[in-house]
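Just so you know, all these numbers are worked out from the coordinates, no wet-lab data involved. Predicted model only: the values in this text are computed from it and were never measured. With ideal geometry, Cβ positions are generated from the backbone for all residues, glycine too; neighbour counts draw on all protein chains shown.
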Amino acid sequence: MLVAEAIVQILEKEGIEDVFGIPGAGINPVYKYLELSDSIKHMVMRHEEACSHAADGYYRSSGKMAVAACTAGPGATNFVTGIYTANIDSIPFLALTGQSVRSQLNKDAFQSVDIVAIAKPIVKGAWCVMDPNETVSIFREAFRVAREGKPGPILIDLPLDVQMAEIDFDINSYEPYKIERPAPDMNKIKAAIELLANAKAPVMIMGGGVVLSEATQECVELAEALKIPVITTYMAKGGIPVNHPLNAGHAGIQVGGPLGNKVLSEADVVLGIGCRFTDRHTGDIKVYAEGRKFIHIDIEPSQIGKIIPAEIGIVADARLAIEALLTEAKQAAHFTEKGLVSQLPTLRAELARKTDFESSPIKPQRVFKEMNEVFGDEVMFTTGCGLTQIWSGQLQDINRPRKYLPSGGAGTLGFDIPGAIGASVGAPGNKIVTVLGDFGFTFMVEEIAVAAVNEIPLVVVIVNNSYLGLIRQNQKYGYDFNYAVHMPENQIPANEGGMDYVKVAEGFACEGERVFNAEDIKPALERAYAAKKPYIVDIVCEELTDCAMGPNIKAVREFD
């Protein structure tokens, strides 16, 4: 059969159910057989970057891989931002790109670019299929690489003549690799339990790896057995219910909260599971680590000690490590509440940031108060970058895993809307809300048309402060200047020459409205939630509100 047909059969056998793509001359042979598939659905996006973000969001909501497909040249290079976004957050998907025929490679042919070389630094694995007879083995290995260990995106580049080549292939002989999950060293598990038992104020950090291994419930059970507070990283938001007695919220210099930073600052032993100790979490490493011993569990060996020296480093799948720790903890001596554990519910209320502002113009924080009250626990959220993302991380209440799906390590403007579309396809029946700034809305805005055409009732909440807010704040406090960050036209009425995002929504077959008063936010969100079409709510907010952040976990500056 043709390689193109074999590829589609392999995708089916590997469990692929959805492809987000844009067909083109360089990938059309594969598309010919995609059309014939009974089990794979295809959604046409409006930009190749959106294809990759949608495949990314699909995995975040469902735990299943999808495919992003596009043609050669600029189509392939438009994948790069989406691949990087997924890779830094350990999200696997298959990027499938068309390519010129082999005889034209490296000869400046039309739309011929070495996408494998371009993508290699930001992808878990990349291959260009040069021998048609290696197609099957490359695909099999690629899916293994994507799923095993620290997951991540993979890219396979397909020259046009390879797609059209004949090979001997029987799909019944194809078996996906069995994915191996590393088990922990039990001696280190015992040592970790002993260190935690002897600690004066231990704390657990639940990282995104716990969500990826589907072990959030077990992680909470472990915290309950150990009687220690749980700090969730940004990527693990929702891994423990907001009002759980042991929930200490987030720590860090941006999305971190006063409670999480206080608990971490007073801890002497830190159990980090499936977390990377990245800069927006730690801030100044000396302040973060001084006086504390760290137990670090990660599936990727190179992460252990990469940023924070580990007293005990355990290379293991998060679920297997948690199960081993839980078994050992139940066999050990009885654990008692230490440090701030008994005070957590009281401190949670006392240290909560203010959101019930009645002022006019609207304070951005008020938007999140209303979102928390209107949207229930089963609603999914996406967000990309900027002050709006940081406020979202600080102020949104999320009680379920795989319901808060942000661009974490990359902070990608434009991830929000296509990521939400993919998340909705991956978890059908769940309402999806994306929250972003007025500038961020203009990145990938064309994808609301995809939501409209496919009847995805996406809600887009725009926190409109007419500024590149995060950059304005950085310029103000870091460099004492203000330049090229103000966009007053984003708040000026349309009849006075301003931007009209409601008309943008309507032009893409969506609905929308603009909000100017705090008391009107909730009714607008309720109308958006009830809408059958994608619905944009443009909330005009105070321009110069600053967001709490700082250089280290003990020096986060709060603003009124």
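Summary of computed values
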{"item": "Lysines whose Cα lies under 28 Å from that of Lys431, excluding same-chain neighbours fewer than 8 positions away", "result": "Lys41, Lys64, Lys237, Lys354, Lys363, Lys369, Lys403, Lys503, Lys522, Lys532, Lys533"}
{"item": "The range 186-350 shape via C-alpha gyration tensor axes, a/c threshold 1.5", "result": "rounded"}
{"item": "Highest-first arrangement of 378-385, 479-486, 204-211, where packing means the average Cβ count within 10 Å", "result": "204-211, 378-385, 479-486"}
{"item": "Two-decimal Rg/Rh across the range 101-234, once Rg and the Kirkwood Rh are taken from alpha-carbon atoms", "result": "1.18"}
{"item": "25 °C / 0.890 mPa s Stokes-Einstein diffusion coefficient of the range 387-463, Kirkwood radius on C-alpha pairs, µm²/s", "result": "191 µm²/s"}
{"item": "Length gained when the stretch Ala530-Ile171 is fully extended (0.36 nm per residue, less Cα-Cα span)", "result": "124.7 nm"}
{"item": "Total charge dipole magnitude, the range 3-173, about the Cα centre, Cβ charges on Lys, Arg, Asp, Glu only, Debye to nearest 20", "result": "520 debye"}
{"item": "Dimensions in Å of the range 502-560 - Rg and Dmax from alpha carbons", "result": "16.5, 48"}
{"item": "FRET efficiency, Ile179 to Ala117 (Cβ-Cβ, R0 35 Å, nearest 0.05)", "result": "0.80"}
{"item": "Charge context of Glu558, other residues only, Cβ under 11 angstrom, K/R +1, D/E -1", "result": "+1"}
{"item": "Net charge of Cβ neighbours under 15 Å - reference Asn372; Lys, Arg +1; Asp, Glu -1", "result": "+4"}
{"item": "q = 0.10, 0.16, 0.17 Å⁻¹, the range 319-463: log10 I(q)/I(0) [Debye, one scatterer per Cα]", "result": "-0.47, -0.92, -0.98"}
{"item": "Compactness of the range 364-540 - radius of gyration and Dmax, Cα, Å", "result": "15.4, 48"}
{"item": "Cα gyration tensor, the range 3-173 - rounded (a/c under 1.5), prolate or oblate", "result": "rounded"}
{"item": "Asp377-Tyr479 pseudo-label distance in nm [points 7 Å out on the Cα-to-Cβ vector]", "result": "4.5 nm"}
{"item": "Amide proton proximity set for Tyr467, modelled H, under 5 Å, gap of 5+", "result": "Met487"}
{"item": "Footprinting exposure proxy for Ser37, Ser61, Ser360 (fewest neighbouring C-beta atoms within 10 Å first)", "result": "Ser360, Ser37, Ser61"}
{"item": "Rounded, prolate or oblate (a/c below 1.5 giving rounded, otherwise prolate when a/b exceeds b/c) for the chain by Cα gyration tensor", "result": "oblate"}
{"item": "Inter-probe distance in nm under a simple model that places probes 7 Å from Cα toward Cβ, at Asn495 and Arg557", "result": "4.1 nm"}
{"item": "Student exercise, the chain dipole from Lys, Arg, Asp, Glu Cβ charges, in Debye to nearest 20", "result": "1400 debye"}
{"item": "Distance histogram for the range 240-305 (every C-alpha pair counted, 5 angstrom bins, percent rounded to whole numbers)", "result": "4, 16, 24, 30, 17, 8, 1"}
{"item": "Charge sum, other residues only, whose C-beta stays under 10 Å from Lys293's C-beta, Lys/Arg counted +1 and Asp/Glu -1", "result": "-1"}
